[in-house]
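Remarks on the structure that follows.
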Amino acid sequence: MKQYLLPESGNFYKANLHRHTVISDGSLTPEEVKEAYLEKGFSIVAYTDHEMIVDHSDLEDENFLPITSYELSLNATGDLRFGNNVPTYHINFYAKDKHNAVLPCFNEDYIWAPNSKAYITDEMRKTKYDFKYSVECINDIIKKVTAAGFLACYNHPVWSMHSYPDYAALEGLWGVEWYNSASVCGGYPDTIQPVDDLLKMGKRVCPIAADDAHSLRAAFGGWVMVKADKLEYSTIMDALERGDLYSSIGPQINELYIEDGIVHIETSEAREIMLTTERRVAMVERGDNITSANFDINKYLNESREKEDIDESRSYFRITVTDHEGYVAHTRAYFVDEIK
Ligand SMILES: [Zn+2]
Ligand SMILES: [Zn+2]
């Protein structure tokens, strides 16, 4: 029997999960952002202004879904400003309820973008969070904000001047950016490595591509395709949370399922489709114009389940599609204990 790894039914919706506007340091209004992304085939934009959350549901219509969200910064300088030569944590938080425009960890003194101040509410002022740059503090923030009904994504590790010790201890993440178009434009390209590092520890994070654009420069460079029954807020957020998605800077993935231990994927024209795992097991199909691949992972599944020196709960596979121009798409990781 087929087990669909990307849902069989529903539609793919193109989403940019990282975007700034005039509410923080972007140059476009939320309305201008909507028009620009609609024109490029996007259905979903997460408005992740720095340190400030705004309910944008007035922009919602049958073709467009704004996600209520924000990007929190935690800097080693002691304030939330960045642009300094110090490491920083940037976490995007996406509200599961579109009207949940609260900031559970808020401190008015840390609102640095001048335009943001006008959006501070009395509700936000009720808290005064004590920000300190440390793994313990960022984990505390992630814990409190996710408990308030948000998904958390760890952004652009390279631009943040982070390496393994900075992210290995992070808890409660839903996603990790492996592609951030603004960082690429600036000369700080990320890789998939932090995603794999966290997955290998059993932290089930989704690989995210986004553009993080502040103007039209760097816009539309990376995206997530989320598969869901309809373009409706809670339906989309549920699909994101479940991981009914892939992320891409080029290739499309049209279908993905497993049947009798054989993973089947259908894609746009590619030069390589590769299945990788947490250990030294990988399979690859290459060709001039391949649009599908079949990977027999029966042996891998059996070993994961039966061998004593392998922890099944940390065994996963994921697929990377590369097109002729070198652009890639990543599925999320599928853990062996999810496979029937
Ligand atoms: Zn950032
Ligand atoms: Zn950003």
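A few comments on the model shown:
- Inter-centroid distance (Cα atoms) of the stretch 260-334 relative to the stretch 1-76, Å: 29
- Neighbourhood net charge (15 Å Cβ-Cβ; Lys/Arg +1, Asp/Glu -1) for residue 5: -1
- When the GluC sites (Glu not before Pro) in the stretch 211-281 are filtered for DSSP coil states and for at most 15 other beta-carbon atoms within 10 Å of their beta-carbon, the remaining sites are 232.
- Within a straight-line Cα-Cα reach of under 27 Å, residue 299 can be paired with the following lysines, leaving aside sequence neighbours fewer than 8 residues apart in one chain: 2, 200, 203, 307, 340.
- Ranking of 277, 191, 235, 331 by neighbouring Cβ atoms within 10 Å, starting from the fewest: 191, 235, 277, 331.
- Those residues of the stretch 230-256 whose amide nitrogen sits under 12 Å from the label point placed on residue 60, 7 Å along Cα→Cβ: 231-237
- Note that the chain, at 10 °C in a medium of 1.306 mPa s, gets a Stokes-Einstein diffusion coefficient of 78 µm²/s from its Kirkwood radius over C-alpha pairs.
- The trypsin sites (Lys or Arg not before Pro) of the stretch 44-151 that meet both conditions, a loop assignment by DSSP and at most 10 other Cβ atoms within 10 Å of the site Cβ, are 126.
- Residue order for 318, 280, fewest other beta carbons within 10 angstrom first, comes to 280, 318.
- When Rg and the Kirkwood radius Rh are both evaluated on Cα atoms of the stretch 253-338, their ratio Rg/Rh stands at 0.99.
- Listed residues 11, 85, 75, most fluctuating in the chain (Gaussian network, C-alpha, under 10 Å): 85
- This ranking places 340, 14 by how few other beta-carbon atoms lie within 10 Å of each, fewest first, which gives 340, 14.
Every number in this text was worked out from the coordinates using simple rules, so none of it is lab data. None of these values were measured; they are calculated from a predicted model. Every residue, glycine as well, gets a Cβ built from its backbone with ideal geometry; the counts of neighbours run over all protein chains shown.
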